[in-house]
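Okay, structure first, notes after.
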Amino acid sequence: KNQVEQSPQSLIILEGKNCTLQCNYTVSPFSNLRWYKQDTGRGPVSLTIMTFSENTKSNGRYTATLDADTKQSSLHITASQLSDSASYICVVSESWGSSNTGKLIFGQGTTLQVKP
Amino acid sequence: NAGVTQTPKFRILKIGQSMTLQCTQDMNHNYMYWYRQDPGMGLKLIYYSVGAGITDKGEVPNGYNVSRSTTEDFPLRLELAAPSQTSVYFCASSLRDRGIGPLHFGNGTRLTVT
């Protein structure tokens, strides 16, 4: 069964510190992996999309890594800010065949709280 | 650009009532989607559309209906509300197929069925 598992479920860090969120997946065949940020009461916003051949992708203070061999990804947040408090969702896309559109499998999210 | 706009933001329904969740986008995206988000679970696809006049079922379509008469609008209809439909509903759109490009989400409708 195709699954996306994120850890930890929740995390509290102090402002200015770094943190790393994990995503393990069993999706096959694999097309790409995305990270979204979801603020409380808002819809998810795309941070990065990585294909099979990409190991690292950055978006400001957010850096995502992908190891397609071990089927793991991480999202590293540098010098955290209060505005980083949100849920971070890992999403994996199955490769799409000739008759299907791509299927997305969402993780359950990691809730990050940044305290002053 | 407003992006993807959903209305209402909140709604409480009684069991058996009906309602329509509205979604409109101003990015001229052909692809549009409805997802539901339940606590502790990943988003699940309800219905999607690849263009005006074309809709298809997602993973959890039972109890819902959609229509796509224009590129901009993609309303979701609940005919006979049930407590299991209590959830947060997100509409999204994309320029390319969801398997390829990023989705742009609205800010959601929180629905409670009692």
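The values are calculated or read from the model by the stated rules, or taken from the named source; none is laboratory data. Keep in mind the model is a prediction, meaning the values are calculated, not measured. Cβ: placed from backbone, ideal geometry, glycine included. Neighbour counts: every protein chain shown. When the accessible area is computed, the model is the full protein with side chains, heavy atoms only, and any ligands, DNA or RNA have been set aside. Shrake-Rupley method; radii C 1.70, N 1.55, O 1.52, S 1.80 Å.
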**OP:** State, to one decimal in nm, how far the label point of A:Ala68 lies from the label point of B:Lys57, with both points 7 Å from Cα in the Cβ direction.
**Re:** 3.3 nm
**OP:** Give me the accessible area buried between chains B and A, both sides summed, with a 1.4 Å probe, in Å² rounded to the nearest 100.
**Re:** 1600 Å²
Original post:
To the nearest whole number, what is the average tally of beta carbon atoms from other chains within 10 Å of the beta carbons of peptide A:82-91?
Top reply: 1
Subject >> Alpha carbon centroid spacing (whole Å) that separates the range B:47-99 from the range A:42-116 >> reply: 24 Å
Original post:
Expressed as a rounded percentage, what relative contact order does chain A have, with Cα pairs under 8 Å and six or more residues apart?
Top reply: 36 percent
Subject >> Rounded accessible area per residue of the protein assembly as shown, 1.4 Å, Å² >> reply: 48 Å²
Subject >> Fraction in percent of alpha-carbon pairs per bin - 5 Å, the protein assembly as shown >> reply: 1, 7, 14, 18, 18, 16, 13, 8, 3, 1, 0
Subject >> Cleavage-rule hits, trypsin sites (Lys or Arg not before Pro), the range A:1-96, DSSP coil, Cβ neighbours within 10 Å at most 10 >> reply: A:Lys1
Original post:
In peptide B:93-104, what is the residue-averaged number of other protein chain Cβ atoms found within 10 Å of each Cβ?
Top reply: 5
Original post:
Within 10 Å of each Cβ of B:40-46, how many other protein chain Cβ atoms are there on average?
Top reply: 5
**OP:** May I ask which of A:Lys115/B:Lys14; A:Lys71/B:Lys9; A:Lys115/B:Lys57; A:Lys17/A:Lys71 have a Cα-Cα span longer than 31 Å here?
**Re:** A:Lys115/B:Lys14; A:Lys71/B:Lys9; A:Lys115/B:Lys57
Original post:
If the viscosity is 1.306 mPa s and the temperature 10 °C, what Stokes-Einstein diffusion coefficient in µm²/s follows for chain B when Rh is the Kirkwood radius over Cα pairs?
Top reply: 114 µm²/s
Original post:
For q = 0.10, 0.11, 0.14, 0.20 Å⁻¹, what log10 I(q)/I(0) does chain A give under the Debye formula with an equal point scatterer on each alpha carbon and no solvent?
Top reply: -0.28, -0.34, -0.54, -1.04
**OP:** Quick one: compute the contact order of chain B, relative version, from alpha carbon pairs under 8 angstrom and 6+ residues apart, as a percent.
**Re:** 36 percent
Original post:
So which chymotrypsin sites (Phe, Trp or Tyr not before Pro) in the range A:1-98 pass both tests, a DSSP loop state and at most 15 other Cβ atoms within 10 Å of the Cβ?
Top reply: A:Phe52
Subject >> At least 30 Å² accessible surface lost relative to isolated chain, residues of the range A:30-52 (1.4 Å probe) >> reply: A:Arg34, A:Tyr36, A:Gln38, A:Arg42, A:Gly43, A:Pro44, A:Ile49
